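A short write-up of the structure that comes next.
Values quoted throughout were computed directly from the atomic coordinates according to the rules given, and no laboratory measurement underlies them. Computed from a predicted model, the values in this text were never measured in an experiment. Note that each Cβ is placed from the backbone with ideal geometry, even for glycine, and that neighbours are counted across all protein chains shown.
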Amino acid sequence: MKYIEININCSAERYSGGIIIIPTRHRAALIRDFGKPLTIEEVPTPAPKDAEVLVKVISAGICHSDIHLWAGDYRPVGVPKTLPWILSHEITGVVVAKGDKVPETIKVGDRVLVYPWGFAEEDERTLSGYTQLARKRARLSIDIPGGLQEYLLVQHYRYIVNIDGLEDPQAVAPLACAGLTTYNAVKKIKPYVGPDEHVLVVGLGGLGTYAVQWIRALLPHANLLVADIRDEAIEFVSKLVKIDAAVNPVKEDPVKTITEITKGEGVKAVIDLVGLSQTIGTYLKTLTTLGVYAMVGLMSYEASIPVPHVIRNEIKIFGVYTGSLGDQHEVIKHARKGSINYVKAISKRFRFEEKEVNEAIKSVAEAKHLGRVIVVL
Ligand SMILES: [Zn+2]
């Protein structure tokens, strides 16, 4: 394995002919105790071997799953495996070193997005394209340490997607989870939605900010309805795309209002980014005959459903779990074509300092933020 030496403090454009100095230790934000503030400490910088790639992190998005990990909510299922642990699965960075099996097409200095939903072993699911559903998963921040650190070892070069030329590499990071998951969800509902039919997005947090944009990009002839308990969230997404109608269930009966908006017909597809028993029980009732319900949000473990309505209308309910590596490449191609505004989806950029990193965690935990927040390294 050979390192190319460049000055890591330089931007990618200035790398050529420079010197990379990769420190033997670097700073990482660690969970030492569940639910307690993260501490920034030094950890060893790994050297990439074989197909591995070392990336100097540009930015790290904070997802609601990070909050569950931080709070220890996944401890009953053994996640994370150990403490200390490193959060974040929404990472962009610059390639600074690579193992000897990494092809020449991947170059030191390349700006990349890291696909976080990797696998430890190839199997029939990964070979069918469902990389995110592998039997043995190696998901960033869940099964392997995440990217809230200065250097991230990516376990295989197939997980890096070149983003050179995209105007704002920091803002690209959430396209690895929030952007990817909602893209997969909209692709899944797309075959069921005809022109002038209604699509409803429930929950306008980080994911909702991207979901409404994918609906406008992939289903331009559908009517877009949104539901959220926060008026400011409705206002935030309304600045990104044209919303045909919005419902705030705190102020009105959502089923009655949506029935009125759709002139008694109901909506053809719902993307539920919340996943509480209340949202599932309520918004399933807004679906018309042969409607589809995409479950994305993971806010509860169990929910009850209106059984007669589902059966009598032959409604389909399905889950959406992140997206495949193929989806990830499509998302970046769409970003290059300007299909979505990933820059305005970011509401706040925190610096990689203990105080600010913890503020970022707090803001997502308390749902104070709009859109997505990122930590810039
Ligand atoms: Zn996520």
Estimated FRET transfer efficiency when R0 is 41 angstrom, pair HIS309-ARG75 (beta carbons, to 0.05):
0.65
Given the range 179-319, what percent of its DSSP beta bridges are antiparallel, to the nearest 5?
0 percent
Nothing charged except the Cβ atoms of Lys and Arg (+1) and of Asp and Glu (-1): what's the magnitude of the dipole of the range 312-352 about its Cα centre? Round to the nearest 20 debye.
340 debye
Can you pull the Rg over Rh of the chain, Cα-only, Kirkwood?
0.99
Fraction of alpha-carbon pairs in the range 64-184 farther than 19 Å apart, rounded to whole percent, equals 51 percent
Which ³J(HN,Hα) values in Hz, rounded to whole numbers, follow from the phi angles of the range 363-377 under the Karplus curve 6.51 cos²θ - 1.76 cosθ + 1.60, where θ = phi - 60° and Gly and Pro get x?
5, 6, 4, 9, 6, 7, 7, 10, x, 10, 10, 10, 10, 9, 9
Residue (of TYR74, CYS177, GLY165) at the positive-pole extreme of the chain, dipole from beta-carbon charges
GLY165
In debye, nearest 20: dipole of the chain around its Cα centre with unit charges on the Cβ of K, R (+) and D, E (-)?
220 debye
With springs only between Cα atoms under 10 Å apart, run a GNM on the chain and tell me which of TYR192, TYR157, TYR283 wobbles the most.
TYR192
Pull up the cross-link candidates among the aspartates and glutamates for LYS256, meaning alpha carbon to alpha carbon under 13 Å and not fewer than 8 places away within one chain.
GLU265
Give the Debye-formula value of log10 I(q)/I(0) at each listed q (0.13, 0.16, 0.21 Å⁻¹), with one equal scatterer per alpha carbon of the range 179-319, two decimals each.
-0.46, -0.73, -1.39
So, by mean Cβ neighbours within 10 angstrom, what's the order for 142-149, 340-347 with the highest one leading?
142-149, 340-347
Equivalent ellipsoid, the range 59-101 (semi-axes from 5 times Cα gyration tensor eigenvalues, Å)
26, 15, 7
Out of the DSSP beta bridges found with both residues in the chain, what percent are antiparallel (nearest 5)?
55 percent
For the residues SER363, SER300, what sequence is obtained by ranking on other C-beta atoms within 10 Å, fewest first?
SER300, SER363
With eigenvalues of the C-alpha gyration tensor scaled by 5 and rooted, the range 115-246, Å
31, 19, 13
Can you tell me which aspartates and glutamates have their Cα less than 20 Å from the Cα of LYS362? Leave out same-chain residues fewer than eight positions away.
ASP33, GLU41, ASP66, ASP73, GLU90, GLU232, GLU353, GLU354
In straight Cα distance, which lysines are under 24 Å from LYS333, not counting same-chain residues fewer than 8 positions off?
LYS56, LYS107, LYS187, LYS188, LYS190, LYS239, LYS242, LYS344
